Amino acid sequence: MSDATHRLHAIQAPRPCRAPLSPVAGAFIESALGLILAFQIYLCFKFFWSADGLHTLSGVPLYGDFKVFWIEARHALDGRIQYDQTALHHEIAKLFSLRFAFLSYLYPPDYALLLAPFALLSFQAAGLVWGALGASAYVAGMRSLFGPLPWLPLIAFTGVSQTLLTGQNSLFTTGLFATSLAYADRAPAIAGLAAAVLATKPQLGLLVPVLLIATRHWKALIAAAIAKSAMIAASVQVFGISAWSAFLSLRNEAMAINAGHYRQSVYNIVSNLHGPAWQGYFLQAFSALWACVVLAMTIRHTRRNLELAALGAAATPLISPMFLDYDLTILAIPAAYLALYQRISRADIVLLAVTFLMPMIARWITIFTHVTAGPFVAALLLARVASAIRGNDERTIPARLS
């Protein structure tokens, strides 16, 4: 094996750097994780147990936001998408016997193609399959990026239960984000397909093509472009070009409802304090600029796909003004990187603990304090990951690949 090949492997496969825990510390951490997981399992049973296939035993509709996805899946089989949000609200309310349902569908037409198969199942069965597939995508993506991971922290991470309880897609997006970087070298077609599917939730996939370009993963980038073009073409064939026009016209409507305790973007730091929109936009622009500067200054220190994934995932919550508490699941990637590959300090332990709990507690912090905590945790993670990557470069990689 050549010297250049040795260096390539060193850059792409950092070794875990975990200091051994004392028996007492290890037992405490495992006990805490076990209790957190048990509580989340209890919540899932409470919210998923149903008597009629549509509602929980307490009368609350099953699966949170998934009911929107399932209804749009039924529409997709009929060759249409309901972008009239008022009509969609009435349809959901009628089906689930609600007085009003303030749930919106703001996804591009090609996303509806992915949802369509779920309409072939009953609502209850479709929701169970949705959750199982999401959890599988999350585990597969994380393991493809990090290799074998301890199961307890992987599944006890509160982003898992928060996504399941809200019926959302953040387990899919986290898994796809990890996969798009994990396979960029060894299977660029898989990486490109993952990036293309992730782009159906564009605010979560914005940085993937940037990272692929910066690291010259051209094959993965081309595969992503081909896959995305095929998805768009298929959606035009099924739904017509008017569906894309309707989707693109939703921008103002999306921002008009972009406030609330479960919304966790930098823009929401202002909106959740009832401040003027221009201040939110200004703060969001500043945050995105800072994140991009950190990315640009740090990317030149590494070509490790694992580190790029951690860096990009930590920066993602700071880029888009549309980011919700369950989307904080993506922070599992930088948290795992720090826990596995860095010698962590006491401050790191606090940061990792807060990150671990944040998807579940973010909305409650906002409810009781009006403080939008998610972006602050993401910013701290981004700064810490960037510092770790630069430190790795200075300590362990004196020779660079040209």
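Observations, loosely collected:
- The set of residues from the range 114-123 being surrounded by fewer than 15 Cβ atoms within 10 Å (Cβ to Cβ) and assigned to a helix (DSSP H, G or I) comprises Pro117, Leu120.
- Members of the range 184-209 found to be more than 17 Å from the chain's Cα centre (by Cα) and surrounded by fewer than 24 Cβ atoms within 10 Å (Cβ to Cβ), listed by number: Asp185, Arg186, Ala187, Pro188, Ala189, Ile190
Rundown of residues vs (1) of a type in the set (Gly, Ala, Ser); (2) modelled with pLDDT of 70 or more; (3) on the phi > 0 side of the Ramachandran plot; (4) in contact with a helix residue (DSSP H, G or I) (Cβ under 7 Å, 6 or more places away or on another chain), yes/no style:
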position: Ser22; (1), (2), (3), (4): yes, no, no, no
position: Leu35; (1), (2), (3), (4): no, yes, no, no
position: Leu43; (1), (2), (3), (4): no, yes, no, yes
position: Phe47; (1), (2), (3), (4): no, yes, no, yes
position: Tyr63; (1), (2), (3), (4): no, yes, yes, yes
position: Phe69; (1), (2), (3), (4): no, yes, no, yes
position: Asp84; (1), (2), (3), (4): no, yes, no, no
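- Among the residues making up the range 187-209, a single one is polar (S, T, N, Q) and either closer than 23 Å to Ala296 by Cα or in a helix (DSSP H, G or I) (or both): Gln203.
- Single match in Tyr111, Tyr107 (criterion: closer than 24 Å to Pro202 by Cβ, in contact (Cβ under 8 Å) with a residue 60 or more places away in the chain and not in a loop (DSSP other than H, G, I, E, B)): Tyr111
- Test: residue in the range 129-143 that is assigned to a helix (DSSP H, G or I), among the hydroxyl-bearing types (Ser, Thr, Tyr), crowded, with 20+ Cβ neighbours inside 10 Å and out of contact with any Ser or Thr (no Cβ under 9 Å at 6 or more places or on another chain): no
- Looking across the range 214-259, the residues that are among the β-branched types (Val, Ile, Thr) and over 22 Å from Asp78 (Cα atoms) come down to Thr215, Ile222, Ile226, Ile257.
The values are calculated or read from the model by the stated rules, or taken from the named source; none is laboratory data. Bear in mind that the values here come from a model prediction, so they are computed numbers and not experimental data. Note that each Cβ is placed from the backbone with ideal geometry, even for glycine, and that neighbours are counted across all protein chains shown.
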